């Protein structure tokens with residue numbers, strides 16, 4: 001007996017009944033990003049593995065343990081993308097978007113990491129990604145955070161805390177890294193396995209360890225802020241003032257870091273305590289060294305990514321109302337004359353009202369069966385066309401949700417009547 005074919009573990013279907021929140025998030029996001037002047041970029045799902053080795057780092061968990069990597073028929077090592085920023089920078093370099101230019105870009109889509117599936121954390125998951133390139137001043141840091149704040153506000157989700165930190169300039173961070181390593185080496189025997197590995201590769205990542213014993217050690221570690229130079233301090237002060245001017249509340253989390261060398265200055269996360277252990281719903285930071293690291297011209301950049309599954313889970317938990325995507329009307333028709341006229345009438349109504357969602361009955365059936373389908377579809381109105389109505393050039397409009405009595409409408413007036421009834 002053949003086995004039942006199912007989705008791969010950690011890669012989930014989004015069924016029609018589950019799709020409306022996804023459609024709503026993408027529609028709102030597109031409006032918010034456009035309001036700030038960010039334009040959409042679409043990227044391949046597959047890239048050369050070397051891109052992520054150079055961008056994310058060969059000794060990171062993402063590259064060493066979590067990427068889906070394979071050899072294609074041309075004997076080239078390629079990977080399903082584990083994140084979106086590297087692809088944005090690769091495309092910007094490849095297509096000459098960084099030479100003396102500013103770019104505000106957003107993109108979205110699935111990303112892939114071979115991790116243990118858990119609540120709202122999957123092996124295929126989806127992100128919204130926003131990037132600003134070519135602007136070194138702290139005003140763009142404030143704008144990027146404001147874009148994230150506007151998105152969350154427009155989606156009517158709440159209960160977040162914005163945490164920010166600064167990694168300073170590369171020279172100040174390098175001095176801090178040296179001091180941090182010297183401090184942590186004194187406690188090597190007490191560090192957990194992951195922290196020991198990070199000590200040799202990305203020591204700043206030890207600061208955000210979740211292991212209680214390591215957190216106790218980290219509590220006594222040197223503070224990055226004590227190593228700031230004047231440029232680092234001025235940049236971070238300006239970001240804080242800018243957020244305050246916009247009324248965006250925040251807390252400074254000195255343990256919030258990005259462990260890769262191309263990060264500098266501002267890093268931030270929007271966190272919530274409503275989704276269990278996976279508390280970050282949006283994270284970002286400034287990565288002024290990434291473009292040069294990938295072979296492009298030195299270009300400042302800052303961006304953030306939002307996990308869509310987590311965002312939708314939070315919306316559901318907070319009972320955020322989203323459009324359900326149901327048809328506005330269901331077109332019932334029976335009889336030879338009606339069956340000939342109905343498709344033409346439906347097409348004319350859709351052409352006159354581009355936002356109209358009109359479902360035309362298919363597969364036959366009597367009026368009772370068609371009305372049952374109409375009700376199950378979630379439509380607010382049924383349009384009923386029989387041979388008698390066809391002969392008189394009328395159609396019956398019937399509310400399925402108790403919104404008034406049925407009435408007959410001349411064919412020529414149907415688009416106007418539908419526009420009035422459903423508010424489009």
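The values are calculated or read from the model by the stated rules, or taken from the named source; none is laboratory data. Just so we're clear, the structure is a prediction, and the values are computed from it rather than from any experiment. Cβ coordinates were reconstructed from backbone atoms using ideal geometry, including for glycine residues, and neighbour counts include every protein chain displayed.
Summary of computed values
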item: Members of the stretch 405-424 that are surrounded by fewer than 16 Cβ atoms within 10 Å (Cβ to Cβ) and either more than 20 Å from residue 370 (Cα to Cα) or under 37 Å from the mean Cα position of the chain (by Cα) (or both); result: 410, 412, 413, 416, 420, 423, 424
item: Subset of the stretch 67-89 (residues that are in contact with a strand residue (DSSP E or B) (Cβ under 9 Å, 6 or more places away or on another chain) and either more than 17 Å from residue 305 (Cα to Cα) or without any contact (Cβ under 8 Å) to a residue 12 or more places away in the chain (or both)); result: 67, 68, 69, 70, 71, 72, 76, 77, 78, 79, 80
item: Qualifying residue in the stretch 182-192 (condition: modelled with pLDDT of 90 or more, under 19 Å from residue 254 (Cβ atoms) and surrounded by fewer than 19 Cβ atoms within 10 Å (Cβ to Cβ)); result: yes
item: Test for residue 267: is it in contact with a strand residue (DSSP E or B) (Cβ under 8 Å, 6 or more places away or on another chain), surrounded by 17 or more Cβ atoms within 10 Å (Cβ to Cβ), outside any helix (DSSP H, G or I) and touching a residue at least 12 places away in the same chain (Cβ under 8 Å); result: yes
item: Subset of the stretch 364-376 [within 23 Å of residue 340 (Cβ to Cβ) and surrounded by fewer than 17 Cβ atoms within 10 Å (Cβ to Cβ)]; result: 364, 365, 366, 367, 368, 369
item: Some residue of the stretch 236-244 being within 27 Å of residue 193 (Cβ to Cβ) and either out of contact with any helix residue (DSSP H, G or I) (no Cβ under 9 Å at 6 or more places or on another chain) or free of Cβ contacts under 8 Å to residues at least 12 places away in the same chain (or both); result: no
item: Residue satisfying condition, being out of contact with any helix residue (DSSP H, G or I) (no Cβ under 8 Å at 6 or more places or on another chain), outside any strand (DSSP E or B) and not assigned by TED's automatic domain parsing to the domain that holds residue 418, within set 313, 351, 362, 342; result: 313
item: Top-ranked residue of the stretch 152-168 - restricted to ones that are surrounded by fewer than 17 Cβ atoms within 10 Å (Cβ to Cβ) and touching a residue at least 40 places away in the same chain (Cβ under 8 Å), ranked as nearest to residue 217 (Cα to Cα); result: 161
item: Condition met for residue 365 (within 27 Å of residue 16 (Cα to Cα) and over 40 Å from the mean Cα position of the chain (by Cα)); result: yes
item: Unique match (being in a helix (DSSP H, G or I) and farther than 25 Å from residue 171 by Cβ) among 197, 233; result: 197
item: Strands (runs of 3 or more DSSP E) contained entirely in the stretch 1-102, each with at least 1 residues that are buried (at least 17 other Cβ atoms within 10 Å of the Cβ); result: 46-48, 77-80
item: Residue match in the stretch 169-181 (condition: loosely packed, with under 14 Cβ neighbours inside 10 Å, touching a helix residue (DSSP H, G or I) at 6+ places or on another chain (Cβ under 7 Å) and not in a loop (DSSP other than H, G, I, E, B)); result: no
item: Filter pass, residue 289 being closer than 28 Å to residue 125 by Cβ, in the same structural domain as residue 257 (by TED's automatic domain parsing) and in contact with a strand residue (DSSP E or B) (Cβ under 7 Å, 6 or more places away or on another chain); result: no
item: Yes/no for residue 257 being assigned to a loop (DSSP other than H, G, I, E, B), surrounded by 15 or more Cβ atoms within 10 Å (Cβ to Cβ) and touching a residue at least 60 places away in the same chain (Cβ under 8 Å); result: yes
item: Residues satisfying the stated conditions in the stretch 214-228, i.e. surrounded by 13 or more Cβ atoms within 10 Å (Cβ to Cβ) and either in contact (Cβ under 8 Å) with a residue 60 or more places away in the chain or assigned to a helix (DSSP H, G or I) (or both); result: 214, 215, 217, 218, 224, 225, 227, 228
